[in-house]
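J.: Let me begin by handing over the structure; questions about it come next.
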Ligand SMILES: C[S@@+](CC[C@H](N)C(=O)[O-])C[C@H]1O[C@@H](n2cnc3c(N)ncnc32)[C@H](O)[C@@H]1O
């Protein structure tokens, strides 16, 4: 096994390729990324066998920005006979079981890429899961528990109904979601669909066991570029009081909560109200990434907030280079002022041409 499959949003394959190549090289693992534009995945082929497994263990999944999932895979199994796709897959797992510790794995996910064409396969994937799961159980390979934090999760990644990659991910170093996509339901009383971006960001960056401690009614937040209020809604829902900064109008339902103050001001000039200690800064303004990271840097260096979630809009061609440049500059600045912090960035499912960044001052 010398390949990694990485899932992503369709159109972001080059970013994933750049990212995985850089991370692998940093670990002394060399290979090349096979990119098919708009396919929704990238295959990174290592020059040496066994190295893909090492990457799946040693590249912290949280450090990947553009990849939604990371799995070690076999060569592509092609021309699977429609009457019995299971036997070749089981044979492939038999081979895998000779190479790594392979018993009592958590669950099997039969997946496909997140593209319109591949989505047509989803119905097939769902149906196929049932017989495949029982065949794997018969071999004693499966416990059927998908939320374990250790062990392996098995994946069959179909790119056509007769062709799939067979593989696994490490449950302590992968996305815990089927196809790497958290399923969130749009709250009907939210003012805008972009509310799901902040909800997914909170789910991604803040352990659920800590959420009540990290976001609660004792805290004040500032939302820069807040209108009509989808992000503010998520904060108010968790009890925070929000200064909503935007020249536009906030949804009346948010005013009715008594938990917001609308500040019709320029987000680049706004400063925290006097004698108020702001804990959270969130920012969804449509601006150049370099301007946004400079603004966030100003807030953190002035001690105006402790935690922040913000978007970087990426309409440019060289998206990976732009992200690296802006985040590195911001990190260097925080370091040079002696600040200790945790920084994580992710291209979330609900992000389009943008990524979401989280920083916590330690
Ligand atoms: C993508 S929308 C934000 C949507 C919002 N997060 C939500 O969930 O409803 C961007 C907002 O940023 C605001 N904006 C852009 N530049 C701004 C600035 N310099 N100061 C304040 N707001 C700004 C726009 O008026 C717009 O309402």
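J.: By how many degrees, 0 to 90 and rounded to 10, does the Cα axis of helix 289-301 deviate from the longest principal axis of the chain?
T.: Tilt of helix 289-301: around 60 degrees.
J.: Please find, in a Gaussian network model of the chain (springs between Cα atoms separated by less than 10 Å), the residue of 163, 26, 118 whose mean-square fluctuation is greatest.
T.: Comparing 163, 26, 118 in the GNM, the peak value goes to 26.
J.: Shape call for region 259-362 from the C-alpha gyration tensor, a ≥ b ≥ c root eigenvalues: rounded (a/c under 1.5), prolate (a/b greater than b/c) or oblate?
T.: Values: a/c = 1.82, a/b = 1.27, b/c = 1.43.
It comes out oblate by the Cα gyration axes.
J.: Taking the Cα-to-Cβ direction at residue 161 and at residue 255 and moving 7 Å from each Cα, how far apart do the two end points lie in nm?
T.: Rounded to a tenth, the inter-label distance reads 5.5 nm.
J.: How would you rank 98-106, 249-257, highest first, on the average number of other Cβ atoms within 10 Å across their residues?
T.: Working: 98-106: 14.0, 249-257: 15.7.
Per-residue mean Cβ counts within 10 Å order the peptides as 249-257, 98-106.
J.: Something else about it: Would you mind classifying region 1-105 by shape? Square roots of the alpha carbon gyration tensor eigenvalues, ordered a ≥ b ≥ c; an a/c under 1.5 is rounded, otherwise it is prolate if a/b is larger than b/c and oblate if not. Walk me through the numbers on the way to the answer.
T.: Values: a/c = 2.05, a/b = 1.35, b/c = 1.52.
It comes out oblate by the Cα gyration axes.
J.: Where is the GNM fluctuation largest for the chain (alpha-carbon springs, 10 angstrom cutoff): 242, 286, 323?
T.: 286
J.: Assuming R0 = 22 Å, what is the FRET efficiency of residue 127 and residue 177, from their Cβ-Cβ distance, to the nearest 0.05?
T.: Working: r = 20 Å, r/R0 = 0.92.
After rounding to 0.05, the efficiency reads 0.60.
J.: 7 Å from Cα along Cα→Cβ at both residue 78 and residue 287: what's the point-to-point distance in nm?
T.: A separation of 5.1 nm, rounded to one decimal place.
J.: Please work out whether region 138-191 counts as rounded, prolate or oblate from its C-alpha gyration tensor, where a ≥ b ≥ c are the square roots of the eigenvalues and a/c under 1.5 means rounded, while otherwise a/b larger than b/c means prolate and anything else oblate? Walk me through the intermediate numbers first.
T.: On the way: a/c = 2.62, a/b = 1.54, b/c = 1.69.
It comes out oblate by the Cα gyration axes.
J.: Report for region 195-361 the percent antiparallel among DSSP-assigned beta bridges with both residues inside it, nearest 5.
T.: Details: 13 of 30 bridges.
That works out to approximately 45 percent antiparallel.
J.: Could you tell me what % of all Cα pairs in region 175-231 have separations over 19 Å? The partial results should precede the final answer.
T.: Numbers: 626 of 1596 pairs.
When all Cα pairs of region 175-231 are counted, 39 percent exceed 19 Å.
J.: While we're looking at this one, here's another question. When DSSP assigns beta bridges and you keep just the ones with both residues in the chain, what percent turn out antiparallel, to the nearest 5?
T.: On the way: 39 of 62 bridges.
So the antiparallel bridges amount to about 65 percent of the total.
J.: Just how far, in whole angstrom, is region 234-255 from region 163-205 if you go by their alpha carbon centroids?
T.: Result: 24 Å between the Cα centres.
J.: Could you give the distance between the Cα centres of region 213-233 and region 54-72, to the whole Å?
T.: 30
J.: For residue 57 and residue 265, what is the calculated FRET efficiency with R₀ set at 30 Å and r taken between the beta-carbons, to the nearest 0.05?
T.: Values: r = 48 Å, r/R0 = 1.60.
Once rounded, the FRET efficiency stands at 0.05.
J.: Over all Cα pairs of the chain, how is the pair count split among 10 Å bins, expressed in % and running from 0 up to the last occupied bin?
T.: Result, from short to long distances: 5, 23, 29, 22, 14, 6, 1, 0 percent.
J.: Continuing with the same structure: Please report the spacing between the Cα centers of region 321-346 and region 287-310 in Å, no decimals.
T.: Cα centres, region 321-346 to region 287-310: 10 Å.
J.: Express in nm, to one decimal, how much length is gained between residue 26 and residue 216 on full extension, taking 0.36 nm for each residue of separation and deducting their alpha carbon distance.
T.: On the way: separation 190, 0.36 × 190 = 68.40 nm, distance 3.92 nm.
In short, 64.5 nm is gained.
J.: Treat each spin label as a single point 7 Å out from the Cα along the C-beta direction, and report the residue 120 to residue 184 distance in nm.
T.: Distance between label points: 3.1 nm.
Rule-based calculations on the coordinates, nothing more; no lab input. All figures in this text were calculated on a predicted structure; none of them were measured in a lab. All Cβ positions, glycine included, derive from the backbone under ideal geometry; neighbour counts span all protein chains shown.
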